[in-house]
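S.K.: Here it is, the structure in full.
The values are calculated or read from the model by the stated rules, or taken from the named source; none is laboratory data. Nothing here was measured: the structure is a model prediction, and the numbers come from that model. We place every Cβ from the backbone using ideal geometry, glycine too, and count neighbours over all the protein chains shown.
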Amino acid sequence: MVLLLPAAATAQPPPVQVAAVVGDGQVEISWGIRGDGQAWDISDWQVKYSGGGESVDWQSVDSNLEHGSYTATGLTNGTTYSFGVRAVNSIGVGVTSGAVTATPIAPPNAPTLGYTLVDNDVTLKWDVSSSAASPIGSWEARYKENSGDWSGWGGLPVSASDRSYTHTGLEYNKTYTVQIRAVNAVGASGSSNAVEFTPVPPVPPTVTLALS
């Protein structure tokens with residue numbers, strides 16, 4: 001007769017699929033266990049992180065024993081933090097995951113908008129302050145015609161570093177109102193000031209005939 005005994009528990013292997021999602025002053029870390037049967041009797045998860053001269057040692061996380069998540073709050077935007085995760089079981093602490101780094105950021109600052117109108121072509125021009133703590137990823141605009149409703153926000157075909165955009169072929173004698181905003185991974189800035197302009201057709205030249 002062959003007697004089959006249960007395998008002895010061992011220290012946990014490192015968690016897998018460790019990922020980070022940045023927020024405003026915070027980072028959410030998520031992870032899972034290995035799917036090859038090497039996850040033994042997990043009783044707890046622990047997380048540690050450091051960055052910007054700050055260090056938080058291992059602390060227990062109230063999470064699902066098959067996968068988990070932890071949100072570190074009160075972080076400094078623009079500072080890169082390094083995170084580690086490990087499991088705990090009856091044997092002790094497991095192997096620490098590979099380090100995962102993430103940099104929390106704030107939404108961008110609201111831009112200040114101006115414009116130049118030449119015939120029925122308008123060039124929007126804007127200014128905004130940005131930094132590593134509130135970077136800009138893209139630009140969006142919305143508009144309304146005459147006294148109509150605002151359109152939805154749509155992306156401008158410019159790069160994050162651009163500060164102008166030219167739109168051609170506007171309709172004469174129609175009043176346009178435009179706002180823009182900056183966007184990054186956390187969200188959108190406040191709306192810019194609204195600018196309003198009305199293209200008017202060129203005045204045809206006056207022809208004077210001299211009769212002899």
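S.K.: Please count how many residues of segment 143-174 are closer than 16 Å to S189 by Cα and either in contact with a Gly (Cβ under 9 Å, 6 or more places away or on another chain) or not in a loop (DSSP other than H, G, I, E, B) (or both).
M.R.: Total meeting the criteria: 3.
S.K.: Can you name the condition, by its number, that E140 falls short on among (1) under 30 Å from T79 (Cβ atoms); (2) part of a loop (DSSP other than H, G, I, E, B); (3) modelled with pLDDT of 95 or more?
M.R.: (2)
S.K.: Taking segment 117-137 as the region of interest, how many residues are surrounded by fewer than 18 Cβ atoms within 10 Å (Cβ to Cβ), modelled with pLDDT of 95 or more and closer than 30 Å to T80 by Cα?
M.R.: 2
S.K.: Please go through segment 117-137 and give me each residue that is within 23 Å of the chain's Cα centre (by Cα) and assigned to a loop (DSSP other than H, G, I, E, B), ordered by number. First the steps, then the outcome.
M.R.: Looking only at segment 117-137, we keep the residues that are within 23 Å of the chain's Cα centre (by Cα), and these are 126-137.
Within segment 117-137, V128, S129, S130, A132, A133, P135, I136, G137 meet the criteria.
S.K.: In addition: Inside segment 93-108, can you point out the residues that are closer than 11 Å to A20 by Cα and assigned to a strand (DSSP E or B)?
M.R.: Correct list: V100, T101, A102.
S.K.: So which residues in segment 50-63 are modelled with pLDDT under 95, loosely packed, with under 13 Cβ neighbours inside 10 Å and closer than 18 Å to V95 by Cα, if there are any at all?
M.R.: Q59, S60
S.K.: Being modelled with pLDDT under 95, more than 17 Å from the chain's Cα centre (by Cα) and surrounded by fewer than 16 Cβ atoms within 10 Å (Cβ to Cβ) is true for just one of G114, G148, G92. Which residue is that?
M.R.: Values: G114 fails: modelled with pLDDT under 95; G148 fails: modelled with pLDDT under 95.
Going through G114, G148, G92 in turn, the sole match is G92.
S.K.: Anything in segment 55-92 that is of a type in the set (D, E, K, R) and in contact (Cβ under 8 Å) with a residue 24 or more places away in the chain? List them, or say none. Lay out the reasoning, then the answer.
M.R.: Pass one, segment 55-92, residues of a type in the set (D, E, K, R): 57, 62, 66, 86.
Scanning segment 55-92 gives E66, R86.
S.K.: Could you say which residue among V22, V47 is surrounded by 13 or more Cβ atoms within 10 Å (Cβ to Cβ), under 19 Å from the mean Cα position of the chain (by Cα), at pLDDT 95 or above and under 13 Å from T73 (Cβ atoms)? Full working, then the answer.
M.R.: Working: V47 fails: under 19 Å from the mean Cα position of the chain (by Cα).
Checking each option against the conditions leaves just V22.
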